[in-house]
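Notes follow the structure.
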Amino acid sequence: MKRHLDVTEASDQPLGRDTIMDPALAAKHGSLYVRLACFAIDVDRVRELTEVDPDGVWPFGWEVFLTEVWLLATLDPENEEAHRALLEDVCLNIFDLGPGEPPLGAQIPFAVHDAISRGEWPESLRSIFASWKGEPTQLEAELAPLFDEPDVEAADLALACLEAPLDLPVAPPTRHALEAMVESLEETRGSETAPNETGSSGGS
């Protein structure tokens, strides 16, 4: 008998909102699923804060962009069957939720779809979206400029997420991932501005 995979309900966890975290998927896919779910949930929590910030400069769909950056850096569904199975299970489980307010973390399918549309992931993954009646073309058009300089955009957004005044802090795996995005850009900028060791000093 096929068993429906339910999201974690508000009464089961301290965030006060339904989330995509699913115990059955965690048992099946292990820590990689937990890290993905935590990242998507935490980023979506920050997104809720930005919606009530009239002075914010957060770009439209930024939570999808940042989730996609994490996915691209962490998963390789073209060469890793386990990663492909994970993406299929996560997306299909979200699709099964039906109408109503989306749970925290439900932006994952949009991030996966954009990665396919931009050619980062194989076209064969489009089978996941067979039930979709339309394409998120407007969202993907808004995301495109963010990928002109993805490292810069991701680092800025990651830093903003780390500084967001959440009632409960982001989970440790999320914090580490966000810090890595910031540190990666800082290291790149540092290497670009470092003096030439062989030709910058005086002497004969």
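The values are calculated or read from the model by the stated rules, or taken from the named source; none is laboratory data. Here the structure is a predicted model, which is why all the values come from computation and not from measurement. For neighbour counting, all protein chains shown are included, and Cβ atoms are generated from backbone atoms with ideal geometry for every residue, glycine included.
Here L87, L92, L104, L97 are screened, and the one residue that is touching a strand residue (DSSP E or B) at 6+ places or on another chain (Cβ under 6 Å) and either in contact (Cβ under 8 Å) with a residue 12 or more places away in the chain or not aromatic (F, W, Y) (or both) is L104.
Any residue in region 53-79 that is more than 19 Å from A141 (Cα to Cα) sitting within a Cβ distance under 8 Å of a residue that is at pLDDT below 95? List the pairs, counting only those 6 or more apart or interchain. Taking only residues 6 or more apart or on different chains, the pairs are G56/T50.
Among residues of region 139-150 that are closer than 15 Å to W58 by Cα, those with a beta-carbon under 7 Å from a residue that is modelled with pLDDT under 95 and aromatic (F, W, Y) at least six positions away or on a different chain give the pairs E142/F60. Test each condition in (1) of a type in the set (D, E); (2) within 15 Å of D42 (Cβ to Cβ); (3) loosely packed, with under 12 Cβ neighbours inside 10 Å for E63 and report the one that comes out false. In the conditions (1) of a type in the set (D, E); (2) within 15 Å of D42 (Cβ to Cβ); (3) loosely packed, with under 12 Cβ neighbours inside 10 Å, E63 misses (3) alone.
Residues that are aliphatic (A, V, I, L, M), surrounded by fewer than 19 Cβ atoms within 10 Å (Cβ to Cβ) and in a helix (DSSP H, G or I) within region 85-115 comprise A85, L92, listed in sequence order. A residue that is charged (D, E, K, R) and buried (at least 19 other Cβ atoms within 10 Å of the Cβ) cannot be found anywhere in region 49-56. For region 120-138, enumerate the residues that are out of contact with any helix residue (DSSP H, G or I) (no Cβ under 7 Å at 6 or more places or on another chain) and closer than 12 Å to L87 by Cα. Residue satisfying the conditions is S127 alone.
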